[in-house]
Structures are given as C-alpha cells and as structure tokens.
1. What tally of residues in segment 7-36 results from selecting those that are within 16 Å of Glu68 (Cα to Cα) and surrounded by 14 or more Cβ atoms within 10 Å (Cβ to Cβ)?
2. Among the residues of segment 68-98 satisfying the criterion of being more than 30 Å from Ala47 (Cα to Cα) and in a helix (DSSP H, G or I), which is modelled with the lowest pLDDT?
3. Among the residues of segment 38-75, which ones are among the aliphatic types (A, V, I, L, M), loosely packed, with under 11 Cβ neighbours inside 10 Å and over 21 Å from Lys23 (Cβ atoms)?
4. Please specify each residue of segment 21-61 satisfying the condition of being part of a loop (DSSP other than H, G, I, E, B) and either within 13 Å of the chain's Cα centre (by Cα) or not acidic (Asp, Glu) (or both).
Amino acid sequence: MKKPMEARMEAQFTQMLERYQAKELQTSALIVWARALPQTVILNWPAEKLDLQKAYIDLWFELLDRLESSALFTEESCSFSQSDLLTTMHKWVKKVARITQS
C-alpha cells in the first residue's frame with residue numbers, strides 16, 4: 001500500500017499531466033507547478049539520504065528546462081521527445097516519492 005505523501009505526489013503529477021495532455025493546461029502552467037515541487041521534496045527528504053538530494057533536484061530542473069524548450073516546437077523535437085520527457089518526469093516523481101517515504 002502506498003504511503004500518503006507518495007500517493008499524493010503521484011496523484012498530483014498524474015492529474016497535472018492529464019490536464020496538460022488534454023490541452024487544458026499550457027506548458028508554462030505545468031512548469032510553474034513543477035518548479036514548486038522540489039520545495040515539497042526538500043522538506044520531506046530523509047536525513048540519511050541527503051547525499052542524493054542535490055542530484056535528484058538538479059535532474060528535475062534539467063527535465064523542466066528541456067520541457068520548456070520543447071514547448072517552442074509544435075512537433076517532437078529532433079533532440080528529445082516531449083512524451084519521453086514526461087515519462088521520465090513521472091518516473092522521477094515515483095522514485096522521489098518512495099525516497100521521501102523511507
């Protein structure tokens with residue numbers, strides 16, 4: 001069974017992703033929401049795993065920068081796929097939710 005924070009993070013991300021894919025949410029709004037997520041992660045990060053925190057936060061911001069860049073294109077960029085980015089972001093959310101619950 002998922003713990004409350006883990007379930008909440010995944011549910012929020014899934015909801016935002018679904019709204020984005022349904023074109024109910026612009027890329028800029030998704031990015032604004034997603035840029036605030038690390039603050040929640042930092043507040044809930046376990047002290048025994050602080051050595052991993054910076055790497056995870058840096059990766060999140062890299063993914064967001066790529067997503068923001070991809071918004072400039074109407075089709076998939078040749079350098080990276082927006083759907084692959086969103087899949088990777090979802091994996092990140094799941095992994096970080098598990099880490100912050102351990």
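1. Selection size over segment 7-36: 9.
2. Ser70
3. Matches in segment 38-75: Leu43, Ala47, Leu50, Ala55.
4. Selection gives Ala22, Lys23, Leu25, Gln26, Trp45, Pro46.
The values are calculated or read from the model by the stated rules, or taken from the named source; none is laboratory data. Predicted, not measured: the structure shown is a model, and the values here were computed from it. All Cβ positions, glycine included, derive from the backbone under ideal geometry; neighbour counts span all protein chains shown.
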